[in-house]
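Just below is one structure, and these are the notes that go with it.
The values are calculated or read from the model by the stated rules, or taken from the named source; none is laboratory data. These numbers come from a predicted model, not from an experiment. When we count neighbours, we look across all protein chains shown, and the Cβ atoms used for this are built from the backbone with ideal geometry, even at glycine.
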Amino acid sequence: MTNISRVFTSRQETRAFYDKISAFYDALSDRSEAPVRMAALDTLAAANAECILEIGSGTGHGVDAVGRAVGCEGLIVAVDLSERMLRRARAFVDKDGVMPSAQFVCGDGLQLPIRSGCFDAVFMTFTLELFDTPEIPTVLDECRRVMTANGRIVVAAMSKEGPADAMLEVYEWSHRHFPNFVDCRPIFLSEALESSGFRIERKTRVEMWVPVEIVLARV
């Protein structure tokens with residue numbers, strides 16, 4: 001994956017940043033992220049009794065939707081680097097006093113605290129592009145490790161594919177100069193998945209204020 005901006009923040013800085021903004025993350029981001037998340041959830045098509053892992057679960061909107069889809073016979077495990085984001089997720093999922101089958105784990109996608117071969121699907125939105133370029137294969141290897149033999153993965157990420165775009169160039173400039181505030185950056189998502197041994201079944205390009213790709217792939 002060439003011509004991708006690097007990630008300049010440490011894991012400790014990333015954790016501290018998301019801890020700090022956890023209380024108002026939805027106010028900052030959910031209006032733009034929600035349509036993409038809903039499209040990615042439609043692509044995931046979580047079914048009753050499935051076991052699904054979400055990496056970078058944030059404030060819990062995906063956890064809530066998946067938990068209701070898999071029902072009491074299934075399980076959604078939410079992993080996030082930020083303990084405060086996980087607290088917000090727990091509160092959001094339990095807002096009605098009826099929490100679906102959900103577990104919350106503070107952990108890093110580079111080394112998931114999860115046993116191998118136990119998930120029907122892995123789900124990520126606006127998370128993979130937070131990892132530095134050399135780290136992305138490690139994260140995807142971890143995803144493969146925890147998935148069942150015919151497991152699927154759905155990833156939504158800012159996309160570097162396609163023709164040059166002025167807004168994208170401005171965004172990447174902001175990422176390079178203000179990495180503590182503009183932490184995500186566009187990546188070549190399909191290329192990363194294929195390089196890690198995944199077989200792409202479907203991909204969709206959607207427009208936010210930068211291009212976003214939603215990809216469904218299997219082991």
*asked:* Return the residues of the stretch 1-36 that are assigned to a helix (DSSP H, G or I), at pLDDT below 90 and of a type in the set (A, V, I, L, M, F, W, C); say none if nothing qualifies.
replied: Leu28
*If we keep just the residues of the stretch 174-190 that are surrounded by fewer than 16 Cβ atoms within 10 Å (Cβ to Cβ) and touching a residue at least 40 places away in the same chain (Cβ under 8 Å), which is nearest to Ala45 (Cα to Cα)?*
Asn180
_I'm told Ser101 meets every condition in (1) among the small types (Gly, Ala, Ser); (2) touching a strand residue (DSSP E or B) at 6+ places or on another chain (Cβ under 7 Å); (3) surrounded by fewer than 20 Cβ atoms within 10 Å (Cβ to Cβ); (4) at positive phi except one. Can you identify the failing condition by its number?_
(4)
*From the residues in the stretch 67-88 that are over 20 Å from Ile114 (Cα atoms) and not basic (Lys, Arg), which one is surrounded by the fewest Cβ atoms within 10 Å (Cβ to Cβ)?*
Cys72
*May I ask you to verify whether Val139 is within 14 Å of the chain's Cα centre (by Cα) and under 26 Å from Thr14 (Cα atoms)?*
yes
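From the list Ala46, Ala65, Ala91, Ala23, exactly one residue is aliphatic (A, V, I, L, M), closer than 30 Å to Glu172 by Cα and out of contact with any Pro (no Cβ under 7 Å at 6 or more places or on another chain). Which is it? Spell out the reasoning first.
On the way: Ala46 fails: closer than 30 Å to Glu172 by Cα; Ala65 fails: closer than 30 Å to Glu172 by Cα; Ala91 fails: closer than 30 Å to Glu172 by Cα.
Unique residue meeting the criteria: Ala23.
Would you check if there is a residue in the stretch 114-122 being of a type in the set (Gly, Ala, Ser), closer than 17 Å to Glu213 by Cα and under 19 Å from the mean Cα position of the chain (by Cα)? Step through it out loud before you land on a result.
As a first pass, look at the stretch 114-122 and keep what is of a type in the set (Gly, Ala, Ser): 116-117, 121.
Checking which are closer than 17 Å to Glu213 by Cα leaves us with none.
So far as the stretch 114-122 goes, no, none of its residues is of a type in the set (Gly, Ala, Ser), closer than 17 Å to Glu213 by Cα and under 19 Å from the mean Cα position of the chain (by Cα).
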*Could you please let me know if Ser32 is surrounded by 12 or more Cβ atoms within 10 Å (Cβ to Cβ) and touching a Lys or Arg at 6+ places or on another chain (Cβ under 8 Å)?*
no
*Would you confirm whether any residue within the stretch 20-29 is touching a residue at least 40 places away in the same chain (Cβ under 8 Å), more than 30 Å from Glu73 (Cβ to Cβ), among the hydroxyl-bearing types (Ser, Thr, Tyr) and buried (at least 20 other Cβ atoms within 10 Å of the Cβ)?*
yes
*Single residue of the stretch 158-173 satisfying the filter (assigned to a helix (DSSP H, G or I) and modelled with pLDDT of 75 or more) that is surrounded by the most Cβ atoms within 10 Å (Cβ to Cβ)*: Glu172
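Identify, please: which residue in the stretch 135-157 is among the aliphatic types (A, V, I, L, M) and in a helix (DSSP H, G or I) and is, among those, surrounded by the most Cβ atoms within 10 Å (Cβ to Cβ)?
Step one: filter the stretch 135-157 for residues among the aliphatic types (A, V, I, L, M), giving 136, 139-140, 146-147, 149, 153-157.
Narrowing further to those that are in a helix (DSSP H, G or I): 136, 139-140, 146.
Values: Ile136: 27, Val139: 23, Leu140: 24, Val146: 20.
Checking each candidate, the answer is Ile136.
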_In the stretch 44-66, residue modelled with the highest pLDDT [restricted to those that are of a type in the set (D, E, K, R) and surrounded by fewer than 24 Cβ atoms within 10 Å (Cβ to Cβ)]_ = Glu50
*Regarding Phe123, is this residue farther than 26 Å from Asn48 by Cα, hydrophobic (A, V, I, L, M, F, W, C) and buried (at least 21 other Cβ atoms within 10 Å of the Cβ)?*
no
*Go through (1) at pLDDT 95 or above; (2) not in a loop (DSSP other than H, G, I, E, B) and name the single condition Val212 misses.*
(1)
*Within the stretch 89-96, can one find any residue that is within 14 Å of the chain's Cα centre (by Cα), farther than 28 Å from Glu161 by Cβ, β-branched (Val, Ile, Thr) and crowded, with 16+ Cβ neighbours inside 10 Å?*
no
